[in-house]
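Beneath this line is the structure, given in structure tokens, with notes to follow.
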Amino acid sequence: MEDQRISVESRTVALVLSDGTRLTGEMFLQLHGQHQAGMQRVGEVLNAENNFLPLRTNEGVKLVNLAQIIMVSVPAKTEFDPLLALGEEHSVRVTTSVGETLDARIYVNLPSGSKRAKDFLDQKKRFLLFNIGEMVVYIARRKILLVEN
């Protein structure tokens with residue numbers, strides 16, 4: 001039987017865990033994303049059915065429990081799809097379960113024609129995409145305490 005390997009690339013990310021721990025390392029992404037042309041996005045990995053995220057750090061590979069991740073930050077230039085900006089833009093302030101408050105932008109253009117911030121937050125995804133400066137920040141929906149428009 002032939003050994004089959006999936007070609008992967010790595011992407012540097014910063015994580016905040018539910019106990020406040022901050023980790024920086026490299027995530028592994030497949031060269032072909034499941035829902036778009038080109039390389040897989042960090043958001044696809046975070047919203048997949050896996051429960052643990054392999055993260056290569058200076059100390060070696062760590063398997064991080066996705067249920068314990070509050071947020072994952074990645075440079076927008078490598079992660080943001082310009083087609084997302086076609087939605088209605090909302091400026092929001094997000095407070096996470098570790099007490100961190102972030103000013104962010106979201107773009108809402110859901111298939112049902114919904115364009116409210118609440119519709120964006122009610123999506124069935126595990127991690128939601130927020131734009132903060134030059135970063136894309138995926139925040140765990142269940143770890144969001146409060147969102148203000």
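So for the chain, considering every pair of alpha-carbon atoms, how many percent are separated by more than 29 Å?
For the chain, the share of Cα pairs beyond 29 Å comes to 16 percent.
Suppose a student asked you for the relative contact order of the stretch 8-70, using Cα pairs under 8 Å spaced at least 6 residues apart; what percent would you report?
The value is 29 percent.
Let me check the size of the stretch 77-148 from its C-alpha atoms; what are the radius of gyration and Dmax in Å?
Both quantities, over Cα of the stretch 77-148: 11.6, 33 Å.
May I ask you to derive the relative contact order of the chain, considering only C-alpha pairs under 8 Å and at least 6 residues apart, and to give it as an integer percent?
Working: 273 pairs, mean separation 30.4, N = 149.
It rounds to 20 percent for the chain.
Looking at the chain, which longest stretch skips every one of the GluC sites (Glu not before Pro) that is in a DSSP loop with at most 10 other Cβ atoms within 10 Å, leaving the sites themselves out?
Values: sites that count: E2, E49, E59, E134.
After excluding every exposed loop site, the longest remaining stretch is 60-133.
Over the C-alpha atoms of the stretch 8-70, what are the Rg and the largest Cα-to-Cα span, Dmax, in Å?
Cα-based Rg and Dmax for the stretch 8-70 come out at 11.7, 36 Å.
Bear in mind these aren't lab numbers, they're just calculated from the coordinates by the rules spelled out. The structure displayed is predicted, hence computed values, not measured ones. Cβ coordinates were reconstructed from backbone atoms using ideal geometry, including for glycine residues, and neighbour counts include every protein chain displayed.
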